[in-house]
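Asker: The structure's right below; bear with me while I get my questions together.
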């Protein structure tokens, strides 16, 4: 009896997700121990996929074919591109920072998110293990910030493989965005005293994100709250929803007044400077230079010209990397470059239609909340700062969206069988 009461139930599915989504933390710990990046990566991946394999063997009913199909189809698309476009081979294989082994077929990010997120049929369990991942990412972020302060900036690998030092880190900013949002969600749902720990972590992550992250991460934070207030009606009355909307409007008005008030901006700028830190966002607001950099505008103009030259079948996957030395930083342009206008437009329409249906029709508020969480983390980033091939949150969003749509379809079928129509 005592042994049964002390027995801890281990969820290998949950452990696999934590190891995957908080991969940065576990890789960093192992790398510190072995002092070799390649060996650290091999060890971390072996541990990760050992737990994944155990999870598959213990819960074979949780293993769906969708994730494997996505990875196999992606691999075939890259293989055919490699074969049909020999001029892209250097970018795909030899490019220092953005070759396919470092940005697409990493086994620890991007499309491989499909394998881990597809194993969850319960959104509450998914949120639970994402929260655990958040703890590890928060610790990893704290150590990364401390290292950057000591070193005088964040090291960034450029297209040519050389390292540069920056005052901000986009990847760090989005890790902190996730931490801030997932613990804010837990704060709202939890009634015990631990909710104040969640609030502390969420606020701390938001402040760190604002100082050391990118502008798109901060904007994504507000996108999440707008979508949550408008479309997540978790046992809330119409009066409560109206209050929430008014609160959001007041908050945005206050933020607008702060970011347009030079005296307030200078005060925060001086406070952060005295701490020995530097915030790209505050630097941008104080200087009044909030426009996109010219390099990105030129790249988009050139990408558009490439699309017009091959509008039907596109220019092939990785054509932007081959031409610019980096991805084109724009979701629609990247789709048109890779697949052509026709297929690219079909993909965009399906994605947009699915998003609208989930927001308006999905009655499972937990799945909808998880979808909004990941959708808010990609909608701005993909259109200004990232590539869908390497964005883990994009592929996680697709899997979560498919589960939300499946729940909606099940509800519609049940309603039809019961009454001939769905309310």
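Readers should treat all values here as calculations from the given coordinates under stated rules, not as data from a laboratory. The model shown is predicted, which means the values in this text are computed figures rather than measured ones. So basically every Cβ, Gly included, is an ideal-geometry build from the backbone, and we count neighbours across all protein chains shown.
Asker: Where does each of 133, 103 land when they are ranked from fewest to most other beta-carbon atoms within 10 angstrom? The partial results should precede the final answer.
Answerer: Details: 133 22, 103 19.
Fewest-to-most Cβ neighbours within 10 Å comes out as 103, 133.
Asker: Here is a follow-up. Residue 199 to residue 155: extension gain in nm, 0.36 nm per residue of separation minus the Cα-Cα distance? Let's see the in-between values first.
Answerer: Values: separation 44, 0.36 × 44 = 15.84 nm, distance 3.00 nm.
Residue separation times 0.36 nm, minus the Cα-Cα distance, leaves 12.8 nm.
Asker: Which order do 394, 351, 80, 371 fall in if you start with the one that has the fewest other Cβ atoms within 10 Å?
Answerer: On the way: 394 23, 351 16, 80 12, 371 30.
Result, fewest neighbours first: 80, 351, 394, 371.
Asker: Right, here's the next one. What is the spin-label model distance, in nm, from residue 167 to residue 343 if the labels are put 7 Å beyond Cα along the C-beta direction?
Answerer: 4.3
Asker: Rg and Dmax of segment 22-159 over Cα atoms: what are they, in angstrom?
Answerer: Rg, Dmax (Cα atoms, Å): 17.6, 50.
Asker: Tell me, 87, 334 in order of fewest to most beta-carbon neighbours within 10 Å? Please report the intermediate quantities before stating the final value.
Answerer: Working: 87 10, 334 23.
Ascending number of Cβ neighbours within 10 Å: 87, 334.
Asker: Only residues of segment 321-353 count here: report those whose backbone N is under 17 Å from the spot 7 Å along Cα→Cβ of residue 305, or say none.
Answerer: So the set is 321-326, 328, 337.
Asker: With r defined as the distance between the Cβ atoms of residue 36 and residue 94 and R0 fixed at 30 Å, what FRET efficiency is calculated, to the nearest 0.05? Before the final figure, lay out each step's value.
Answerer: Numbers: r = 22 Å, r/R0 = 0.74.
Working from the Cβ atoms, E equals 0.85.
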